[in-house]
Amino acid sequence: MAERPTNIDTGVAHPARVYNAWLGGRDHYPADEEAAQLAAAANPGIVPAVRANRAFLGRAVRLLTEQAGIRQFLDIGTGIPAAGNTHEVAQSVAPDARIVYVDNDRIVLAHATARLVGTAEGRTAYVEADARDVDTILGEARRTLDFSRPVGLMLVAILQYIPDADDPYALTERLLAALPAGSHLVISHPAADISAAEVARSMRVYNERAAADASATPRTHDEVTRFFTGTELLEPGVVSLPQWRPGPGDTPSDDIPMWCGVSRVR
């Protein structure tokens, strides 16, 4: 288990640490483990979805690096490091790729600083900020990224933690507005219309144990598709995780309760 840092409330569940528990990691606390176990009991599809989400991230980053020529990534909602992080995938293709990770959990950032070490040719940097604090994110990211060149904006399993009251669509639009044409947007998001009853139960269990500013909201296919407004969706559009450009060894499935997609900024 992770060492307890100062000024961190480890008595309530945090998304990154719960995610770590679902992945079988050890960098979390009893409150996170309890939330993870109870949510997974309410919706057994959570753990397969978390693994499928990680695989989607890898496929998307590889596509952007290999085919779209992206050499810069802004990854918001980093999470505690696990195998196949954005910089690992990107720099395996392009060693000079630059990645800025953003998270609001100091535990995450402590692990990231120690473990998310990139290539000598490229660069990794870390920003402590809430996903809602667009000005801070963009200001700090500009220290590492060149916003006159295309950027891969990664919003992977993070937008569900921004409630409708905080207008996640406007936040996404502000982030995209700072990026030049040729940039790409990568999103994954829990579905409200796949295994709806199970997802609702698991979200309720998680939200009862999470901090007030870390509660989660699943969204429908139409609601997730709306995040891509004004951009050009790549094929196959907004689909469930395993259906997005599966590799030769992947088994497509339509029952994973998460939507995902990748688009190009015009």
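The values are calculated or read from the model by the stated rules, or taken from the named source; none is laboratory data. What you see is a predicted model; the values in this text were computed from it and never measured. Virtual Cβ from ideal backbone geometry, glycine too; neighbours counted across all protein chains shown. Accessible surface is based on the protein model in full, side chains and every heavy atom, while ligands, DNA and RNA are left aside. Shrake-Rupley method; radii C 1.70, N 1.55, O 1.52, S 1.80 Å.
List the trypsin sites (Lys or Arg not before Pro) within segment 24-92 that DSSP assigns to loop and that have no more than 15 neighbouring Cβ atoms inside 10 Å. Mind showing how you got there, number by number?
On the way: sites: ARG26, ARG51, ARG54, ARG59, ARG62, ARG71; in loops: ARG26, ARG71.
Here the sparse-neighbourhood loop sites are ARG26.
Report the net charge of residues surrounding ARG149, where surrounding means a beta-carbon distance below 11 angstrom and charges are Lys +1, Arg +1, Asp -1, Glu -1.
On the way: positive: ARG71, ARG98; negative: ASP146.
Counting the neighbours of ARG149, the net charge comes to +1.
What number, rounded to the nearest 500 deg cm²/dmol, is the helix-based mean residue ellipticity at 222 nm of the chain, given -39500 (n - 2.57) per DSSP H run of at least four residues and division by all its residues?
Taking each H run of at least 4 residues, the total per residue is -11000 deg cm²/dmol.
Run through the DSSP bridge list for the chain and note the antiparallel percent, rounded to the nearest 5. Please report the intermediate quantities before stating the final value.
On the way: 12 of 33 bridges.
Within the chain, antiparallel bridges account for around 35 percent of the total.
Counting only protein heavy atoms and a 1.4 Å probe, tell me what percentage of segment 162-266's accessible area is made up of carbon and sulfur.
On the way: 2330 of 4700 Å².
Heavy-atom surface of segment 162-266 belonging to carbon and sulfur, 1.4 Å probe: 49 percent.
Step by step: find N for the chain, compute 2.2 N^0.38 Å, then divide the Cα radius of gyration by it. What's the final number? All intermediate terms of the calculation are to be shown ahead of the outcome.
Values: Rg = 17.1 Å, N = 266, 2.2 N^0.38 = 18.4 Å.
Its radius of gyration relative to the 2.2 N^0.38 Å reference: 0.93.
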